[in-house]
Amino acid sequence: MYRWRIVLTGIVVLAAALLVSRAIVQADDAPITAGVPAQEGPGATGAELLAYILNENPYTGWKSWRADRWNDYGGYLVGGSPHGATVRIFVNNVALEAVEAEDFDGILPYGSIIVKENYMGTPAEPGELAALTVMYKVEGFNPEGGDWFWLKAPGDGSAIDAEGAVEGCISCHAQEGNADYLLRYNFGEQPAVFYGEPLPEASGEALLDYVLNTSPYTEWGSWPANGVDDFSGFLAGNEPHGATVRIFVNDRALNAIARDNFEGVLPPGSIVVKENYMGTVDAPGELAALTIMYKVDGFNPEANDWFWLKAPGDGSAVDAAGAVEGCIACHGQQDNSDYLLRYDLPAGTMGVEEMMGEEETGSQPSGDDYLEGEDMGSSPTEPL
Ligand code: HEC
Ligand code: HEC
């Protein structure tokens, strides 16, 4: 179903792209206004660029870089001086398509635009939009500075604070380890500037160390209750997992499913930890095993890039790790959401009302065959 959505979206985008390219071809006959470069996009002036990103092709409708091990660009991110404490990054299609292309050489093409929103608050409560900082690649504009045109404006776009080959912007953005003057995104590699703890490599030891020590999973949240399960405590589990389980989910995954534009597939960096117990929901006993799913960009595209891990409850060893055939075969059954069997990811808005709403809102998890045992089925387990 989600794949269909993606295919449909793709068709719509293609159709739109065809229309746009026709418009451009037709516009070729029109006289070229002075200052307008022979490329897609606005002229290299602050006023034209601002009008373009605010009105002609509003950046808020753009996408962002693809999530990777370091950042999930789909939402608010922790930023830093001299930019806002919280930022959001939007990228136009010219840049996005270039980076996705197989022959991409690490230099963004002319016409690429990157808009950064800068906020003074936190990612959870960003507050008012304080400033816009923009990079726009213009052919021949400033070859010594990667041909980037720089722009800074107040959040309401009412003025232009700085524009052009702004020395301050260039000198800082030219620092080592960057990618084409970008500091936050490095085409899937570690960015030149990174805030926070990087997610672990795709290795059993690294992942185990991360969930036990670096970011203890017991401090994470879990899926929102969905009318079928309340994920806040012990749940009746089933073969081959423990008779009782507890499920923990990291912020990367939880932030993603809360977004309006969520398409049903979790971003890289998502981690789901399941504790497996042999006892009952009321008396689970000792923690017997940990089974973990960790999404790593590029790790195993045929099976949605999940890295699988199984370890004893005390984390003293790695019993299985990697693209584990057994895990994939069972979790890859039809109609499930992104290889998850217990929680069905809804696409689209999932507001608090919807989560807390009627019993019917949660879709039935797809591990039905395994879930329809006597004590399980669709009757919600008692919240603890
Ligand atoms: C003292 C260093 C510094 C200066 C000066 C600076 N920046 Fe940045 N800029 C950063 C850092 C660090 C990041 C990445 C962190 C973030 O996203 O906040 C960044 C990120 C950005 C991004 C997002 C793209 C990316 O990944 O690099 C844009 C757009 C941007 N800056 C525009 C500007 C503009 C326009 C100016 C000048 C008005 C400017 N910057 C001046 C340090 C600087
Ligand atoms: C024979 C089928 C089967 C196999 C094999 C299997 N699982 Fe599962 N798994 C399930 C079912 C059914 C659920 C949901 C019910 C539950 O929570 O017990 C589940 C749930 C999970 C969850 C919670 C997220 C979710 O799917 O909702 C994780 C994490 C997980 N399994 C990890 C693993 C790992 C790691 C392996 C391999 C070492 C594995 N599983 C092998 C059937 C399987």
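The values are calculated or read from the model by the stated rules, or taken from the named source; none is laboratory data. This is a predicted model, so every value here is computed, not measured. Glycine also receives a Cβ, built like all others from the backbone with ideal geometry; neighbour counts cover every protein chain displayed.
Based on what the data block shows, is residue 310 closer than 26 Å to residue 202 by Cβ and in contact with a Pro (Cβ under 6 Å, 6 or more places away or on another chain)? Full working, then the answer.
On the way: closer than 26 Å to residue 202 by Cβ: yes; in contact with a Pro (Cβ under 6 Å, 6 or more places away or on another chain): no.
So residue 310 does not fit the description; no.
May I ask you to list the residues in region 104-130 that are surrounded by fewer than 20 Cβ atoms within 10 Å (Cβ to Cβ) and either closer than 27 Å to residue 164 by Cβ or more than 21 Å from the chain's Cα centre (by Cα) (or both)?
104, 105, 106, 107, 109, 110, 111, 120, 127, 128, 129, 130
Please go through region 167-206 and pick out each residue that is more than 15 Å from residue 106 (Cβ to Cβ), in contact with a Leu (Cβ under 7 Å, 6 or more places away or on another chain), modelled with pLDDT of 95 or more and within 10 Å of ligand 1 (Cβ to nearest atom).
173
Name the pairs whose Cβ atoms lie under 9 Å apart, with the first residue in region 72-83 and at pLDDT 90 or above, the second of a type in the set (Gly, Ala, Ser) and within 16 Å of ligand 2 (Cβ to nearest atom), and 6 or more positions between them or separate chains?
72/256; 72/269; 72/270; 74/256; 75/256
Just need a number here: residues in region 139-180 that are part of a loop (DSSP other than H, G, I, E, B), more than 15 Å from residue 115 (Cβ to Cβ) and in contact (Cβ under 8 Å) with a residue 40 or more places away in the chain.
Final tally of qualifying residues: 4.
Consider residue 227 carefully, then state whether it is more than 9 Å from ligand 2 (Cβ to nearest atom) and in contact with a Ser or Thr (Cβ under 9 Å, 6 or more places away or on another chain). Let's see the steps before the verdict.
Working: more than 9 Å from ligand 2 (Cβ to nearest atom): yes; in contact with a Ser or Thr (Cβ under 9 Å, 6 or more places away or on another chain): yes.
Spelling it out, residue 227 is indeed more than 9 Å from ligand 2 (Cβ to nearest atom) and in contact with a Ser or Thr (Cβ under 9 Å, 6 or more places away or on another chain).
Tell me, which residue of region 50-88 that is part of a loop (DSSP other than H, G, I, E, B) and acidic (Asp, Glu) is nearest to residue 160 (Cα to Cα)? Even if it seems obvious, please write down each step before you answer.
Within region 50-88, the first condition is being part of a loop (DSSP other than H, G, I, E, B), and the residues that meet it are 57-58, 62, 64-76, 79-85.
In the following step, the residues that additionally are acidic (Asp, Glu) were identified as 68, 72.
On the way: 68: 33, 72: 29 Å.
Step by step, filter region 50-88, then rank; the result is 72.
Consider residue 202 carefully, then state whether it is assigned to a loop (DSSP other than H, G, I, E, B) and within 24 Å of residue 322 (Cβ to Cβ). If you could, list the steps in order and put the result at the bottom.
Details: assigned to a loop (DSSP other than H, G, I, E, B): yes; within 24 Å of residue 322 (Cβ to Cβ): yes.
Yes.
When residues of region 245-267 are filtered for being in contact with a Leu (Cβ under 8 Å, 6 or more places away or on another chain) and within 9 Å of ligand 2 (Cβ to nearest atom), how many remain?
2
Provide a single number: the residues in region 114-156 that are of a type in the set (Lys, Arg) and within 15 Å of residue 82 (Cβ to Cβ). I'd like the intermediate steps shown before the answer.
The first filter runs over region 114-156 and keeps only residues of a type in the set (Lys, Arg), leaving 116, 137, 152.
This time we only want the ones that are within 15 Å of residue 82 (Cβ to Cβ), so: 116, 152.
Going through region 114-156 one residue at a time, the tally reaches 2.
Being of a type outside the set (Asp, Glu) and away from ligand 2 (no atom under 16 Å from the Cβ) narrows it down to one of 179, 202, 206, so name that one. Working first, answer last.
Numbers: 202 fails: away from ligand 2 (no atom under 16 Å from the Cβ); 206 fails: away from ligand 2 (no atom under 16 Å from the Cβ).
Exactly one of 179, 202, 206 is of a type outside the set (Asp, Glu) and away from ligand 2 (no atom under 16 Å from the Cβ), namely 179.
Mind listing whichever residues of region 205-247 are part of a loop (DSSP other than H, G, I, E, B) and of a type in the set (A, V, I, L, M, F, W, C)? First the steps, then the outcome.
To start, the set of residues in region 205-247 that are part of a loop (DSSP other than H, G, I, E, B) comprises 215-216, 220, 222-234, 237-243.
Those that are part of a loop (DSSP other than H, G, I, E, B) and of a type in the set (A, V, I, L, M, F, W, C): 220, 223, 225, 228, 231, 234, 243.
Applying the selection to region 144-161, what residues are within 24 Å of residue 107 (Cα to Cα) and within 11 Å of ligand 1 (Cβ to nearest atom)? Give the steps one after another, and end with the answer.
So in region 144-161, the residues within 24 Å of residue 107 (Cα to Cα) come out as 144-152.
Result: 148, 149, 150, 151, 152.
Check 261, 238, 276 and return the single one that is more than 19 Å from residue 328 (Cα to Cα) and surrounded by fewer than 22 Cβ atoms within 10 Å (Cβ to Cβ). Don't jump to the end; show me each part of the working.
On the way: 238 fails: more than 19 Å from residue 328 (Cα to Cα); 276 fails: more than 19 Å from residue 328 (Cα to Cα).
The conditions single out 261.
Looking for whichever is surrounded by fewer than 18 Cβ atoms within 10 Å (Cβ to Cβ), over 26 Å from residue 67 (Cα atoms) and in the same structural domain as residue 210 (by TED's automatic domain parsing) here; the options are 335, 297, 282. Which one fits?
Only one candidate passes the filter, namely 282.
Looking at (1) within 12 Å of ligand 1 (Cβ to nearest atom); (2) part of a loop (DSSP other than H, G, I, E, B); (3) free of Cβ contacts under 8 Å to residues at least 24 places away in the same chain, can you tell me which one residue 108 breaks?
(3)
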